[in-house]
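Reviewing the structure listed below.
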Amino acid sequence: MSAGLLRNSFKGAASAAPFFPTLLDQMPNAIVVFDAENLKLAYANPAAELALDASRKSLEGQSIPDLFGDNPPLNNMISEVCAGHFSTQRQELVLHALPGSIHQDSTPAHVVVALLDDPSLVIMEWFPIDQQLRSERDERVTQQVEANKQLMRNLAHEIKNPLGGIRGAAQLLEYELPHKGLHEYTQVIIKESDRLQALVDRLLAPHRKAHAMELFNVHEALERVRSLVLAEFPKGLRIIRNYDTSLPDILGDREQLIQATLNIAHNAAQALGEEIEQGTAQIELKTRVARSVTISKKRYKLALNLHVIDNGPGIPEDIRERIFFPLVSGRNGGSGLGLTLAQTFIQQHQGFVACESRPGHTDFHIQIPYRTQEK
């Protein structure tokens, strides 16, 4: 948003306070307005509430140092604007949260500070730089995934055709062999052909089945995932529910989203072998709502944030950037298709899945937009 538009939005704001324009409530970037003399907040939009992890009511009356501490670059920007040396200041800097606050991360951000027409008010807008980087990364990943999917579909079809011939020839050969002891070798061919056939079917399955779109409660779906994982790992594993029960029903293919989450949670449980033996293994299923999100360059008012978090050893660094690629697995005997299928199902719902991993903390973040019922 331009500084001029910001200033115009607040013309006469001092006389109309606290009735600030609703226009800023709709802006995707975090925006606060504060007094130029004492730096105390008079207004914060919903994006700022989300960024600062606090309600507008609790933010009003707090000062900029209360929120960001002693930040010389930010303080200098504000001083220059308040002194009238510049009407607008722009800079990329790190916004530090105060120790002990709920939102403790430091955020590299692009910050704009501008003096309003009423010189007693200053407006500050910021957005995380990693938000822009993530958008660019998501676009690259989407293009790469589409290329991989097309490659795998073509490859699967090329494998499928001769595979039936190999299996049929092995069966005919088995009938002709004079010694039954040799059947062991033909059975190897037949069983391996069946295994490859099943692998090919799994590669093609997501693109064959039509969506069964319906409104459903995401927590009921997660409870099914939870029960399935605990049925396979009944001892030594704790699955924590961290649900926002106020979430509305979501429109989607219920079975596909269950399968996508189950693939991720099952992978996490398998990676927790040592922790399960020690009785310290845990997986957290966390849901929250996200407002004003951009996914693949499309804006949505609301989205579901779903996190599957485990306390395992983390994903090996050498495959961390490739975990969603087909046939890439960090586990001996793994097919490398679970996360690929999960990503496919989620992308078919216009969402995305990303992963951050370090020893002791692996977080798979799924974001799916809320959409209206298609007619």
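The values are calculated or read from the model by the stated rules, or taken from the named source; none is laboratory data. Model, not experiment: these values are computed from the prediction. Neighbour counts run over all protein chains shown; Cβ positions are idealised from the backbone, glycine included.
Below are the figures for this structure:
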{"read-out": "Residue in the range 120-133 that is surrounded by fewer than 17 Cβ atoms within 10 Å (Cβ to Cβ) and at pLDDT 75 or above present", "value": "yes"}
{"read-out": "The range 345-358: number of residues that are in a helix (DSSP H, G or I) and closer than 21 Å to Ala269 by Cα", "value": "2"}
{"read-out": "Filter pass, Gly279 being of a type in the set (Gly, Ala, Ser) and either under 24 Å from Glu220 (Cβ atoms) or in contact with a strand residue (DSSP E or B) (Cβ under 8 Å, 6 or more places away or on another chain) (or both)", "value": "no"}
{"read-out": "Identity of the residue in the range 230-245, surrounded by 10 or more Cβ atoms within 10 Å (Cβ to Cβ) and part of a loop (DSSP other than H, G, I, E, B), that ends up modelled with the highest pLDDT", "value": "Tyr243"}
{"read-out": "Any hit, the range 342-350, residues being within 22 Å of Ile240 (Cα to Cα) and modelled with pLDDT of 75 or more", "value": "yes"}
{"read-out": "Near pairs, Cβ below 6 angstrom, 6+ apart or cross-chain, from the range 107-126 (among the small types (Gly, Ala, Ser)) to any residue that is in a strand (DSSP E or B)", "value": "Ala109/Leu95; Ala109/Trp126; Ala109/Pro128; Ala114/Thr88; Ala114/Ile123"}
{"read-out": "Residue in the range 139-153 that is modelled with pLDDT of 65 or more, in a helix (DSSP H, G or I) and in contact with a His (Cβ under 7 Å, 6 or more places away or on another chain) present", "value": "yes"}
{"read-out": "Members of the range 155-196 that are basic (Lys, Arg) and surrounded by fewer than 14 Cβ atoms within 10 Å (Cβ to Cβ)", "value": "Lys180, Lys191, Arg195"}
{"read-out": "Selection status of Leu251, at pLDDT 90 or above, over 18 Å from Thr362 (Cα atoms), touching a strand residue (DSSP E or B) at 6+ places or on another chain (Cβ under 9 Å) and assigned to a loop (DSSP other than H, G, I, E, B)", "value": "no"}
{"read-out": "Where a residue in the range 278-297 is closer than 21 Å to Arg241 by Cα and its partner, wherever it lies, is part of a loop (DSSP other than H, G, I, E, B) and of a type in the set (Asp, Glu), with Cβ under 8 Å and at least six apart", "value": "Thr287/Asp244; Arg288/Asp244; Val289/Asp244"}
{"read-out": "Hits in the range 227-277 - residues which are within 18 Å of the chain's Cα centre (by Cα) and more than 23 Å from Cys355 (Cβ to Cβ)", "value": "Leu251"}
{"read-out": "Residue match in the range 309-325 (condition: in the same structural domain as Thr344 (by TED's automatic domain parsing), in contact with a Phe, Trp or Tyr (Cβ under 9 Å, 6 or more places away or on another chain) and of a type in the set (Phe, Trp, Tyr))", "value": "no"}
{"read-out": "Positions within the range 240-257 being among the aliphatic types (A, V, I, L, M) and touching a residue at least 60 places away in the same chain (Cβ under 8 Å), in sequence order", "value": "Ile250, Leu251, Leu257"}
